[in-house]
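The structure appears below as structure tokens.
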Amino acid sequence: MRISRRKRPEKSLIPHYKKNNEIQAEQLLVLGEEGQSLGEMSKREALDMALEQELDLVEINPKSNPPVVKLIDFTEFKYQKEKEARKQKAHSRASETKGVRLSVRIGKGDLEMKLKQAEKFLNRGDKVKIELQMKGRENARPDLAKEVVKNFAGDLAKAMEVKFEQEVEKQGRKVTAVVVKK
């Protein structure tokens, strides 16, 4: 099967607004350009008023009774809505889960470096998954591994306020915990 590398158009950032003849309701609550209420009128009267002012009739709230429409320039309205959506998208950032791997025999210097790394992730707003892989004879002593992870989380708690999203638990050969910044 061939893989298509063609870029697909991105879905519109704004919802679809019905305008002019797309509006189905017969009675409408009409708002002016500045948002002032022009009263309730028939669809025909509202369309005539929009044509007179060389504006579009855009359905703002279709769920109210009667639906609310506004007399505005649709291209300008659409541009403003897209601009708002782009701004929101730029400011929203999904938090990722970043991993920090430890070992039972981790040295003090390495532990401090991992702590700084975890602090950096938490300050960025990410979750931190503390992971300790046990090897060989370490599997016989999971309590030591849990202690290392708990101590690491405790050191993190000294530096900043954190809470456990997932408590320290053994999963096969790994001991894991997930912490987030409060």
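Whether any residue in segment 129-139 is in a helix (DSSP H, G or I) and surrounded by 12 or more Cβ atoms within 10 Å (Cβ to Cβ) is what I want to check.
yes
Is it the case that segment 97-108 has a residue that's without any contact (Cβ under 8 Å) to a residue 24 or more places away in the chain, exposed (fewer than 15 other Cβ atoms within 10 Å of the Cβ), part of a loop (DSSP other than H, G, I, E, B) and not assigned by TED's automatic domain parsing to the domain that holds Gly32?
Yes, there is a match, as at least one residue in segment 97-108 is without any contact (Cβ under 8 Å) to a residue 24 or more places away in the chain, exposed (fewer than 15 other Cβ atoms within 10 Å of the Cβ), part of a loop (DSSP other than H, G, I, E, B) and not assigned by TED's automatic domain parsing to the domain that holds Gly32.
Is it true that some residue in segment 85-94 is more than 30 Å from Asn123 (Cβ to Cβ), in a helix (DSSP H, G or I) and not aromatic (Phe, Trp, Tyr)?
Scanning segment 85-94, I find no residue that is more than 30 Å from Asn123 (Cβ to Cβ), in a helix (DSSP H, G or I) and not aromatic (Phe, Trp, Tyr), so the answer is no.
Being buried (at least 16 other Cβ atoms within 10 Å of the Cβ), assigned to a helix (DSSP H, G or I) and in contact with a helix residue (DSSP H, G or I) (Cβ under 9 Å, 6 or more places away or on another chain), is that true of even one residue in segment 166-176?
The answer is no; no qualifying residue exists.
Here are Lys87, Lys135: which of them is out of contact with any His (no Cβ under 8 Å at 6 or more places or on another chain) and either of a type in the set (Asp, Glu) or under 30 Å from Asn20 (Cα atoms) (or both)?
One residue alone meets the criteria, Lys87.
Just one of the numbered conditions (1) on the phi > 0 side of the Ramachandran plot; (2) in contact with a Leu (Cβ under 9 Å, 6 or more places away or on another chain) is not true of Glu131; which one?
With respect to (1) on the phi > 0 side of the Ramachandran plot; (2) in contact with a Leu (Cβ under 9 Å, 6 or more places away or on another chain), Glu131 is out only on (1).
Answer yes if at least one residue in segment 43-54 is under 16 Å from Lys81 (Cβ atoms), modelled with pLDDT of 85 or more and of a type in the set (Lys, Arg), and no otherwise.
Looking for residues that are under 16 Å from Lys81 (Cβ atoms), modelled with pLDDT of 85 or more and of a type in the set (Lys, Arg), one finds none in segment 43-54, hence no.
Against the condition surrounded by 17 or more Cβ atoms within 10 Å (Cβ to Cβ) and in a strand (DSSP E or B), how does Leu71 come out, does it pass?
Criteria met by Leu71.
Residue check: is Gln24 surrounded by 10 or more Cβ atoms within 10 Å (Cβ to Cβ) and not in a helix (DSSP H, G or I)?
So Gln24 passes the test.
The values are calculated or read from the model by the stated rules, or taken from the named source; none is laboratory data. As the structure is a computational prediction, the values presented were derived from the model and not from experiment. We place every Cβ from the backbone using ideal geometry, glycine too, and count neighbours over all the protein chains shown.
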